[in-house]
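The values are calculated or read from the model by the stated rules, or taken from the named source; none is laboratory data. Owing to the predicted nature of the structure, the values given are computational and were not obtained by experimental measurement. No Cβ is skipped: glycine too gets one built from the backbone with ideal geometry, and neighbour counts run over all protein chains shown.
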């Protein structure tokens, strides 16, 4: 679809913006943000949130202004206070600690992450050792590894890891993955694991979530021939960082991750004629609008939205908040 030109005082050649669709908030992020907002309405401020609810400073700051208090660990939360677990999921030990301290715990874990947790339980129950494809230190990976007993899961980060990883002798092998990985990189790793472990068990359906896949496909669609692709998202957002990699592999001459319009490198924009824009699954649409407006304030601009998939998925709030 083509959006009518957004004109202003031009300071150089006209720009064509290819706007990726889908982009920005996914259903899991939208649900997590609503959970904090509804918890504030129900319990009143403050509502504590363990870690960033999602990886986006704009979103976190907005919720903090409404009364959310973000903490690193539960020992920073008063006993019996309401606490929300982030969309990335938490280890079983965190849930147990909240129960022990009689906290009002509200779980904002994305249902698609919970699906991976359920698979991990099933594999361990069936006597399998799990190879988890993901990035060390990412909260989703920490939460997933914390679902099963120590020693029953091994992290595989790269194709090289997949070529050398070993598992306990005599055990069946299964694999699972972080939901926000590069689709292409994960397919390569899974292929290596299947070659090395012919009987390896996989998930029932993809672990990489629909939103990650859709956003990567949309970036591929805008990247070829683009002089510059701007991905709006946080440095610590795995899915946003993957979009930059996908853009470069997809044919973009350059691709940058920016938190918001204030981070635009105007020399890059001036040198570009065709500019792709997307946003990670934790970035709200207002940040996309601001980037387009900033470019349009300096250049005559035409916006072409490139749609590769329709998304109409919505997740229910936790039962504790549904009343």
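Under the condition of being touching a residue at least 12 places away in the same chain (Cβ under 8 Å) and in a loop (DSSP other than H, G, I, E, B), which residue from segment 206-224 is farthest from residue 244 (Cα to Cα)? Restricting to residues being touching a residue at least 12 places away in the same chain (Cβ under 8 Å) and in a loop (DSSP other than H, G, I, E, B), the top hit is 207. The condition (being at pLDDT 95 or above and more than 21 Å from residue 54 (Cα to Cα)) is satisfied by just one residue among 136, 91, 120: 120. For segment 177-199, the set of residues classified as outside any helix (DSSP H, G or I) and either on the phi > 0 side of the Ramachandran plot or buried (at least 19 other Cβ atoms within 10 Å of the Cβ) (or both) consists of 177, 178, 179, 180, 181, 182, listed by residue number.
Here is a yes/no grid of residues against (1) at pLDDT below 95; (2) in contact with a strand residue (DSSP E or B) (Cβ under 6 Å, 6 or more places away or on another chain); (3) under 22 Å from residue 53 (Cβ atoms):
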| residue | (1), (2), (3) |
| --- | --- |
| 149 | no, no, no |
| 200 | no, yes, no |
| 215 | no, no, yes |
| 221 | no, yes, no |
| 234 | no, no, yes |
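For segment 236-256, give me each residue that is in contact with a strand residue (DSSP E or B) (Cβ under 8 Å, 6 or more places away or on another chain), surrounded by 20 or more Cβ atoms within 10 Å (Cβ to Cβ) and not in a helix (DSSP H, G or I). Hits for segment 236-256 are 252, 255.
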